[in-house]
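Here, each number is a calculation from the coordinates, and none is a lab measurement. The structure displayed is predicted, hence computed values, not measured ones. Heads up, the Cβs are rebuilt from the backbone with ideal geometry, glycines too, and the neighbour counts pull from every protein chain shown.
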Amino acid sequence: MENYSDYSDSDPDANDEPELLEADERSVNREDRKPYRILKESEIRLRMEDDIKVVSAVLSVSEVDASIILRTYNWSVNRVNDAWFSDEYAVRGRVGLLGNRVPVDRFASKFVDCGICFESCRRDRIKSAACGHPYCCECWSGYIGACVDNGPGCLTMKCPEPSCSAAVGDDMINALASEEGKGKYYNYLFRSYIENSKTRKWCPAPNCEYAFDFVGGDGGSEITCLCAHKFCWNCNHNAHRPVDCETVVQWVAKSGAENVNWVLVHTKPCPKCKRNIEKNMGCMHMTCRPPCNHQFCWVCMKDWHNHGNCNRYEDKKDTQLREEAKKELEKYNHYYERYSANEVSQRKATESMKEVETKHIVTLSDVQGEPETRLNFLIDAWKQIIECRRVLKWTYAYGYYLPAHQRPMKQLFEYLQGEAESGLERLHSCAEREVQQFIDTDQRSEEFIPFRVKLIGLTEVTRNFFENLVRAIEDGLSDVTSEGACSSVVSSQGAGEESKRHRTTALDGCSRSAGRGSKRRK
């Protein structure tokens, strides 16, 4: 496993360019292992059209009917094929497709009564779905407009006849809907291709129009969009490895629960109106807000006017409850403050990366004589910093819920967490401070290439360390406990260098399985 100390300021291999190529190759391999594909709007439309054509050809139905069938089966071609060839008539009945269309021109008269407005209309002004129920174009237009205005349910539109289940297809929409209605309808249809599918999702970031097709694999459930938003496929929350979705829900809900705890710890209810009151002065004489105005003793909660020397304490059960709430609040604040600090650092790192992309790379390219493509290592470093801040943030949620009785595992986790923080600070400092000397000058520096090698090396080592840390936590630190490393950490408490040696062994144990393949710098 690579250690952060492997990259020092006096690294003798600072110009090891082949290793930079090796790091680039590993980055490409990581991209290839992604368990999803990013879809742009044009690609989504092409896929939808292709699926309609495939179903139309295989089932020998029109593309209009194929579209109706697909949306009923959540745009799954495989489900459509399985259902159709198992029981075609059942599928037709479910989606509202009749075997033979009933023509409107079956009426002998030149005039036909509309089934909605009951007006007698020329036969060429009468339209119907496959069922043949006759309605005039004006009534059809109004009916379709009302269905579209009601939302995505218009995609399963049926004949206006209450007892009829015949589907209304896209051909009827094209012929009878207003331009505004058509726009809404086809927008619902387009979005349904993603939203009704179990293997596709929209990016949840505001105003983002990218979608994802989840193809599975060993890349986990975290999705990174081209808009830079990262989220969990399973719960749609912001990416939260190494903790699971259930922990995220608990942690988010905990914020509200701790507000209740704060009220319990720092306030007491007025004995008269029961509103919570916070004591903000030293005097025990409390006066409730108007219109209550009740005066009472903060210690014994008795009416102040009948109050003498207070020698009464709170009920033991109430006191114990407040003490437990206070301890729980202190514990939560400890973890939440660090969670929040990393969240703030993550946001600031995102802002810094944008500044690097828009300003610093151009400046460095001009001053150092390097093409901008060879300066992407700076962006890679900032991306890694952002990712590491995100991981560190969620390790504090993990630490909060780690059972207190699992002391050896807790001590090991805190050691690994501390090592991760130290290593990240080195990378952050290098990317933020050490680069400044090359930005603030107008002279080309011979030290820039060694700096480049150092930053790329730190980025790669930090990435490997955090990937190993995430895997270890997700495995419940099982690799470590199975080798007895946790007990080594505990038994070596206070043993100086011996303790450090044991902890390093534990670190190697938790990351051995994930750390293979990285070239160790000598």
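So if R0 is 25 Å, what FRET efficiency would Arg37 and Ser86 give, r being the distance between their Cβ atoms, rounded to the nearest 0.05?
0.25
Just to confirm a number: summing +1 for Lys and Arg and -1 for Asp and Glu over residues other than Asp113 whose beta-carbon lies under 13 angstrom from that of Asp113, what do you get?
That sum, taken over residues with Cβ under 13 Å, equals +3.
Which order, highest average first, do 37-43, 469-475, 199-205, 145-151 follow once you tally other Cβ atoms within 10 Å for each residue and take the mean per peptide?
Highest to lowest by the protection proxy: 469-475, 199-205, 145-151, 37-43.
What length, rounded to one decimal in nm, is gained on full extension from Thr267 through to Val58, with 0.36 nm per residue of separation minus their alpha-carbon distance?
68.2 nm
For a quick size check, give me the Cα extents of segment 324-477 along its three principal axes, largest first, whole Å.
The principal-axis extents, from largest down, are 61, 27, 19 Å.
Setting aside same-chain residues fewer than 8 positions from Lys184, which lysines have a Cα under 24 Å from its Cα?
Partners found: Lys40, Lys53, Lys127, Lys158, Lys198, Lys201.
Can you give the extra length, in nm with one decimal, that the chain gains between Ala341 and Asn276 once fully stretched, where that is 0.36 nm per residue apart less the Cα-Cα distance?
Taking 0.36 nm per residue and subtracting the Cα distance, the gain is 20.3 nm.
Compute the FRET efficiency between Ser76 and Ala253 as 1/(1 + (r/R0)^6), taking r as their Cβ-Cβ distance and R0 = 30 Å, and round to the nearest 0.05.
Efficiency, rounded to the nearest 0.05: 0.30.
Beyond 28 Å between alpha-carbons counts as too far, so tell me which of Lys279/Lys393; Lys326/Lys348; Lys383/Lys454; Lys34/Lys393; Lys354/Lys454; Lys34/Lys383 fall in that bin.
Those over the limit are Lys279/Lys393; Lys326/Lys348.
Determine the distance separating the Cα centre of segment 331-403 from the Cα centre of segment 78-97; give it in Å without decimals.
Rounded to whole Å, the Cα centres lie 51 Å apart.
Testing the spin-label approximation: label points 7 Å from Cα along Cα→Cβ at Asp50 and Asn293. State their distance in nm.
7.8
So for the pair Phe118, Arg407, with labels modelled 7 Å out along Cα→Cβ, what separation do we get in nm?
Distance between the two pseudo-spin positions: 8.8 nm.
What is the sum of charges around Lys274, taking Lys and Arg as +1, Asp and Glu as -1, for the other residues whose C-beta is under 13 Å from the C-beta of Lys274?
That sum, taken over residues with Cβ under 13 Å, equals +4.
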